[in-house]
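Note sheet for the following structure.
The values are calculated or read from the model by the stated rules, or taken from the named source; none is laboratory data. Quick caveat: nothing in here was measured; it's all calculated off a predicted structure. Ideal geometry is used to build each Cβ from the backbone, glycine not excepted, and the neighbour counts take in all protein chains shown.
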Amino acid sequence: MTNKSGLSAVSILLLILIIAIPGLIYYLLEWEKPQAALDADLTIIGQKKEVAVTFTDARSGIRDFKVTIVQNQSEFGVASMDLPGKGTFEKTVNLQIEPKKLGINDGQAVLKIEVRDFSPLKNSASLELPVVIDTVVPRVSLLTRAHNVNPGGTCLAVYSVNKKVEKSGVECGGRFFQGYPASGGAATVYVCYFAVPRDVNRSTLMAVSVEDAAGNRAGVSIPFYIRTAHKFRDDTVSVGPEFVKGKAAQFEQADSRLGGRLPEETFRHLNTTLREENNAKISSICSVSDSKQLWDGSSFIRMPNTATMALFGDRRTYRYQGMDMGASVHLGIDLASTRADFVPAANSGIVVYADDLGIYGNTVIIDHGQGIFTLYAHLSSMTVSAGQQVMRGVVIGNTGSTGFAGGDHLHFSVIVGGEFVNPIEWWDAHWIRDNVTSKLELIPM
């Protein structure tokens with residue numbers, strides 16, 4: 001039987017087969033190649049490098065893979081695996097590369113990743129990445145010898161490193177404080193100002209810690225002597241209805257989200273949650289500092305003709321009509337003077353913040369370089385703005401009672417590496433000479 005065009009059924013069937021079979025063969029053979037991807041950029045490998053490789057093949061699954069490092073025509077096996085049967089369409093492998101164990105020398109090399117699928121064609125893909133092998137551990141030399149510390153105070157360590165590093169600083173009390181390069185040459189000399197914990201003791205960890213681009217780490221312990229077993233004061237602050245209601249209304253007006261609460265609930269929120277948020281913001285602001293010393297090397301100015309009201313480290317418990325309204329640690333020194341008195345910059349630097357800051361009210365923060373900052377809070381007015389360079393003693397604002405203050409005064413703080421420290425040391429010319437200037441003289445010119 002033929003159709004009107006003269007083609008028989010057999011001819012039509014043959015024509016269909018001629019058209020369909022190549023497509024069927026193409027589908028059955030599978031031409032798509034498997035994929036391999038690293039979880040991070042890899043350009044340098046140190047003594048030990050951990051990296052994850054993910055292999056994928058959506059059609060027939062992964063048959064096998066092999067990871068090697070090629071150097072000077074020699075191939076060193078890192079990892080390989082044959083996967084049993086079909087059905088593994090994605091496989092992530094965590095690799096631990098240790099060049100010395102593999103017998104690989106420092107220098108240029110190529111990381112080669114190969115993978116095949118289960119298709120009849122055994123499709124394969126390879127990834128070749130040029131890498132540098134660097135297993136040389138940095139050598140750290142501590143230049144400062146005397147590290148006499150006070151609880152809640154500041155310490156300076158000066159040290160040298162014999163090769164370029166990506167991370168350099170001091171670990172102290174569970175915190176890492178960034179070091180700043182002070183000179184170059186055959187060895188780079190770093191300075192690192194770090195905060196001493198208020199509860200420092202002989203078991204407190206103090207050590208220089210560095211890491212190069214390859215992930216090689218080194219460090220050296222910092223010997224230290226605790227000058228005084230300082231005991232911080234405990235203080236109970238009784239607040240009355242007028243103060244509680246006044247502060248609650250003041251902050252509710254600025255933040256409508258605080259509305260609908262009892263005044264004492266708002267007050268407790270300000271003294272706990274908002275205080276923590278504000279301190280975290282201060283720490284964030286002070287996490288980036290100029291790499292150079294901006295202060296002039298002399299002692300920091302204490303606002304003149306003032307009386308000390310509250311000390312650094314005072315543990316305060318607020319009480320209202322027999323209720324606990326939250327406890328906090330006072331992270332500065334309160335200085336009382338005449339109303340709206342002039343506030344001088346404690347030392348030279350760059351203003352990094354001049355705005356409202358929650359419980360601190362109108363606040364100015366000055367960066368003095370290399371992780372050192374000063375903070376001036378509760379100001380009634382500010383005469384500087386962010387980005388402005390200021391000199392030691394220039395007026396930056398006037399005292400006030402903005403924020404959580406109960407009366408006109410200056411709250412003054414010193415912050416080192418994002419941590420509040422006792423300002424008294426920085427006001428003391430003898431302390432500056434013995435603990436800062438004399439150490440900076442160790443830096444080769």
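Which residues, counting only those in region 135-172, are loosely packed, with under 15 Cβ neighbours inside 10 Å and over 30 Å from residue 107 (Cβ atoms)?
145, 146, 148
Can you give me the number of residues within region 316-335 that are more than 14 Å from residue 420 (Cβ to Cβ) and either under 30 Å from the mean Cα position of the chain (by Cα) or at pLDDT below 95 (or both)?
12
Starting from residues that are of a type in the set (Val, Ile, Thr) and closer than 27 Å to residue 132 by Cα, keep the ones in region 79-101 and report whichever is surrounded by the most Cβ atoms within 10 Å (Cβ to Cβ).
Only one residue fits best here, namely 97.
Please tell me if residue 299 is surrounded by fewer than 18 Cβ atoms within 10 Å (Cβ to Cβ) and within 30 Å of residue 439 (Cβ to Cβ).
no
Anything in region 278-292 that is surrounded by 12 or more Cβ atoms within 10 Å (Cβ to Cβ), farther than 16 Å from residue 194 by Cα and out of contact with any helix residue (DSSP H, G or I) (no Cβ under 6 Å at 6 or more places or on another chain)? List them, or say none.
The answer is 279, 281, 282, 285.
For region 306-333, name all the residues that are within 23 Å of residue 245 (Cα to Cα) and acidic (Asp, Glu).
Within region 306-333, 324 is the sole residue that qualifies.
Quick one: count up the residues across region 305-322 that are loosely packed, with under 12 Cβ neighbours inside 10 Å and touching a residue at least 40 places away in the same chain (Cβ under 8 Å).
1
Which of the residues belonging to region 364-400 are polar (S, T, N, Q) and either part of a strand (DSSP E or B) or not assigned by TED's automatic domain parsing to the domain that holds residue 413 (or both)?
374, 381, 389, 398 - these are the residues of region 364-400 that are polar (S, T, N, Q) and either part of a strand (DSSP E or B) or not assigned by TED's automatic domain parsing to the domain that holds residue 413 (or both).
Within the set of pairs 6 or more residues apart or between chains, which connect a residue that is under 10 Å from residue 114 (Cα atoms) and assigned by TED's automatic domain parsing to the domain that holds residue 99 inside region 64-81 to a residue that is of a type in the set (Lys, Arg) and part of a strand (DSSP E or B) with Cβ atoms less than 7 Å apart?
So the pair list comes out as 64/116; 68/112; 80/66.
For region 107-134, enumerate the residues that are buried (at least 19 other Cβ atoms within 10 Å of the Cβ) and either part of a strand (DSSP E or B) or in contact with a His (Cβ under 8 Å, 6 or more places away or on another chain) (or both).
109, 111, 113, 115, 116, 117, 131, 133, listed by residue number.
Among the residues in region 173-195, are any surrounded by 15 or more Cβ atoms within 10 Å (Cβ to Cβ), closer than 30 Å to residue 271 by Cβ and among the polar types (S, T, N, Q)?
No, the conditions are met nowhere in region 173-195.
Which of the strands (runs of 3 or more DSSP E) found entirely inside region 135-223 contain at least 1 residues meeting this: under 27 Å from residue 284 (Cα atoms) and within 22 Å of the chain's Cα centre (by Cα)?
Once the strands (runs of 3 or more DSSP E) in region 135-223 are filtered for at least 1 residues that are under 27 Å from residue 284 (Cα atoms) and within 22 Å of the chain's Cα centre (by Cα), what remains is 154-161, 167-172, 175-178, 180-183, 188-195, 206-211, 217-221.
Residues checked against (1) among the β-branched types (Val, Ile, Thr); (2) closer than 24 Å to residue 226 by Cβ; (3) touching a Cys at 6+ places or on another chain (Cβ under 9 Å):
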| residue | (1), (2), (3) |
| --- | --- |
| 123 | no, no, no |
| 127 | no, no, no |
| 132 | yes, no, no |
| 141 | no, no, no |
| 145 | no, yes, no |
| 155 | no, yes, yes |
| 182 | no, no, no |
| 198 | no, yes, no |
| 205 | no, yes, yes |
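Residue by residue through region 358-388, note down the ones that are surrounded by fewer than 22 Cβ atoms within 10 Å (Cβ to Cβ), in contact (Cβ under 8 Å) with a residue 24 or more places away in the chain and touching a strand residue (DSSP E or B) at 6+ places or on another chain (Cβ under 6 Å).
361, 362, 380, 381, 382, 384, 385, 386, 388
Restricting region 408-445 to residues that are at negative phi and in a loop (DSSP other than H, G, I, E, B), which is surrounded by the most Cβ atoms within 10 Å (Cβ to Cβ)?
Taking the candidates together, the pick is 422.
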